[in-house]
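Visitor: My structure is below; once you've seen it, I'll send some questions.
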Amino acid sequence: MKILIIEDEAGIANFVKQGLEEEAYSVDIAFDGKQGLEMALTGDYDILLLDWMLPGLSGIEVCREYRKENKFTPIIFLTAKDTVQDTIFGLQAGANDYIKKPFSFEELLERIRVQLRPKSGEHDRFTFGDIVMDLTTHQVLKNGEEIVLTQKEFSLLEYLIRNKGKVCRRTQIIENVWDIHFEYNTGVIDVYINALRNKLGLKDSGAYIKTIRGVGYIAVED
């Protein structure tokens, strides 16, 4: 899961980023409204954490402009404004939730989880051959037996299964799973792919992670 924090107070932004990365989220930061809006419109984010008072463009302006582009990614306002009128104003601008500063990280984390909770028709449990991936319990099961994955292996498998049947380019994987946005030796992906193949015994499960030479990988089922 990928989150964008648009917050001009570096201390708050970095604190939240560190906490979210410890929870296995991939996190980017923008420190002003214009940069934040550009990143939100061009990036592939699952949720936006948006400060109200920002240089360049205010959080309200960012929210409105983002929604004008028919973007429906959940937005949570982070703000010191605390009146009922402010809350209503923020929600009317297109926000999904509103948390007042100062806030506890635990509360913010739970609000994020609520926004990312699968909607009707979506799932928090995926099947891949005879492998079951449960996002709620953070477990991977094969024929009912738990397969222990590292945090990064779990995130990589989730990304591939969510995009099952689609080619996942190396740059997409490194950005969404490793949160790296510059030229990087993507050979690390091969190491993790091989670990997943070995741990999951994919050839015996009716599911495969195929290598698309020079491009990336694709998760497919028989």
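Visitor: Give me the percent relative contact order of the chain, please, defined on Cα pairs under 8 angstrom at least 6 residues apart. Intermediate results must be reported in sequence, preceding the final value.
Guide: Numbers: 330 pairs, mean separation 32.2, N = 222.
Here the relative contact order equals 14 percent.
Visitor: Where does each of 29-41, 131-143, 98-110 land if you order them by average Cβ count within 10 Å, highest first? Spell out each step's value before the answer.
Guide: Working: 29-41: 19.1, 131-143: 15.8, 98-110: 13.2.
The densest-packed peptide leads the list: 29-41, 131-143, 98-110.
Visitor: Starting from the Cα gyration tensor of the stretch 125-221, take the square roots of the eigenvalues, sort them a ≥ b ≥ c, and report rounded, prolate or oblate (rounded when a/c is under 1.5, otherwise prolate if a/b is larger than b/c, else oblate).
Guide: Numbers: a/c = 1.90, a/b = 1.52, b/c = 1.25.
Prolate, because a/c is 1.5 or more and a/b exceeds b/c.
Visitor: Between M53 and L91, 0.36 nm times their residue separation minus their Cα-Cα distance comes to what? All intermediate terms of the calculation are to be shown ahead of the outcome.
Guide: On the way: separation 38, 0.36 × 38 = 13.68 nm, distance 1.54 nm.
Length gained, M53 through L91: 12.1 nm.
Visitor: OK, next. So for F72, F126, F154, fewest C-beta neighbours within 10 Å to most, what's the order? Display every interim value, and only then the final one.
Guide: Numbers: F72 10, F126 16, F154 20.
Result, fewest neighbours first: F72, F126, F154.
Visitor: Would you mind working out the magnitude of the charge dipole of the stretch 125-221 relative to its Cα centre, with +1 at each Lys and Arg C-beta and -1 at each Asp and Glu C-beta, to the nearest 20 Debye?
Guide: On the way: 13 positive and 12 negative charges, 71 e Å.
That gives a dipole near 340 debye.
Visitor: So what J values fall out for the stretch 32-42 if you push phi through Karplus, 6.51 cos²θ - 1.76 cosθ + 1.60 with θ = phi - 60°, rounded to Hz, Gly and Pro as x?
Guide: Working through the residues one at a time gives 8, x, 5, 5, x, 5, 4, 5, 5, 6, 9 Hz.
Visitor: How large is ³J(HN,Hα) for each residue in the stretch 63-80, as worked out from phi by the Karplus curve 6.51 cos²θ - 1.76 cosθ + 1.60 (θ = phi - 60°), to whole Hz, x for Gly and Pro?
Guide: 4, 5, 5, 5, 5, 4, 8, 6, 9, 10, 4, x, 10, 10, 7, 10, 7, 7
Visitor: Just rank K210, K81, fewest to most, by other beta-carbon atoms within 10 angstrom. Don't jump to the answer; show the numbers that get you there.
Guide: On the way: K210 12, K81 16.
Going from least to most buried by this count: K210, K81.
Visitor: Please report L49, L200, L91 as a ranked list, fewest other C-beta atoms within 10 angstrom at the top and most at the bottom. Write down the numbers at each step before the final one.
Guide: Details: L49 28, L200 22, L91 15.
Ranked by crowding around the Cβ, least crowded first: L91, L200, L49.
Visitor: Now, a different point. Which of the aspartates and glutamates could be linked to K100 by a straight reach, that is with a Cα gap under 15 Å, when you skip same-chain ones fewer than 8 residues away?
Guide: Answer for K100, where 15 Å is the Cα cut-off: E7, E9, D51, D82, D86, E110, listed by chain and number.
Visitor: For the chain, with only Lys/Arg (+1) and Asp/Glu (-1) charged at the beta-carbon, what is the dipole magnitude about the Cα centre, in debye rounded to 20? Walk me through the numbers before you get to the answer.
Guide: Values: 27 positive and 36 negative charges, 146 e Å.
Magnitude of the dipole: close to 700 debye.
Visitor: Which residues among the stretch 37-55 fall inside the zone where the amide N is under 20 Å from a point 7 Å beyond the Cα of E107, along Cα→Cβ?
Guide: Only 48-53 pass the distance filter.
Visitor: Now for a separate question. Give me, ordered by chain and number, the residues 5 or more places off I5 or on other chains with an amide H under 5 Å from its own placed amide H.
Guide: D28, I29, A30, L49
Visitor: What shape does the stretch 2-116 have by the C-alpha gyration tensor, where a ≥ b ≥ c are the square roots of the eigenvalues, rounded means a/c under 1.5, and otherwise prolate means a/b greater than b/c and oblate the rest? Numbers along the way, then the final one.
Guide: On the way: a/c = 1.33, a/b = 1.11, b/c = 1.19.
Judged from the Cα gyration tensor, the stretch 2-116 comes out rounded (a/c under 1.5).
Visitor: Want the number for K152 to D46: 0.36 nm per residue separation, take away the alpha-carbon distance, what's left?
Guide: Values: separation 106, 0.36 × 106 = 38.16 nm, distance 1.79 nm.
Full-extension gain reported as 36.4 nm.
Visitor: Something else: Show the residues, 5+ positions off or on another chain, whose built amide H is closer than 5 Å to the amide H of Q139.
Guide: It is D134, by chain and number.
Taken together, the values in this text are just the output of simple stated rules run on the coordinates, not laboratory data. Here the structure is a predicted model, which means the values were calculated and not measured. Please note: Cβ atoms are built from the backbone with ideal geometry, for glycine as well, and neighbour counts cover all protein chains shown.
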